[in-house]
Amino acid sequence: MEVCLKLTGLLLGMLLSDWLTAVLSRDFTLADIIQLHLSATPHPGGFKCFTCEDAEDNYSCNRWAPDKYCPEDSRFCYTRHWMNADGESVSVTKRCVSLDECVSTGCVQHEVHMVCTSCCEGNICNLPVPWNKTAAIFSTNSPLNRVIRASPGKITSLSIILFFMLNYFN
Ligand SMILES: *[C@@H]1O[C@H](CO)[C@@H](O)[C@H](O)[C@H]1NC(C)=O
Ligand SMILES: *[C@@H]1O[C@H](CO)[C@@H](O)[C@H](O)[C@H]1NC(C)=O
């Protein structure tokens, strides 16, 4: 057990120094760190989604939707968009979801209707609605992803550090 703890400590130390190098090499800004901690939210990793059930279209959904904090067991923002045969909006539903509701994004034909669903990761990321399969995807734009784009070499260490941090906080 103790050996295990020491090894974990050593690993963390190595990863942290790696991470500090990443910070010093500029891709990590103070803003990123604040976003990663999200300490002002009701629970760690708290975020909001546009939320509406069967709204007439994108505009009325976003207009009336309270962008409230998502429950703790959700990770993504979900959008489902029904269109009629003329390609006009019939129904828009947006809500907070967990991963299992995001595995089948895309567009399917339901009789005369086309139904496109999309998922995204990040605070209030479900602003638009998907009109075709180009947009009906599962996308992430979280701070973690920005880090990944900025610094490919640090992906693994950062994910592991985040994993540790999340475990500590939970
Ligand atoms: C949905 O509505 C928002 C404004 O509430 C707008 O910014 C966005 O472009 C719209 N997207 C689509 C695909 O209609
Ligand atoms: C999908 O819709 C977007 C606008 O909502 C449009 O720019 C794009 O060309 C469309 N793609 C296809 C394959 O129809």
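Please work out the Cα center distance from the range 53-73 to the range 121-137, rounded to the nearest Å.
Result: 13 Å between the Cα centres.
Please work out how much length the chain gains when fully extended from Ile137 to Asp100, using 0.36 nm per residue of separation minus the C-alpha to C-alpha distance, in nm with one decimal.
11.9 nm
Evaluate the charge dipole of the range 47-142 about its Cα centre and quote only its size in Debye, nearest 20, assuming +1 on the Cβ of each Lys and Arg and -1 on the Cβ of each Asp and Glu.
The dipole magnitude comes to about 280 debye.
Starting from the Kirkwood Rh over alpha-carbon pairs, what translational D in µm² s⁻¹ does the range 61-126 have by Stokes-Einstein at 37 °C and 0.692 mPa s?
It diffuses with D of about 260 µm²/s by this estimate.
Quick note: the coordinates plus some simple rules give every number you see, no bench work behind them. Predicted model, so just to flag it, every value in this text is computed and none were measured. Neighbour counts are summed over all protein chains in view; Cβ atoms, including those assigned to glycine, are modelled from backbone coordinates with ideal geometry.
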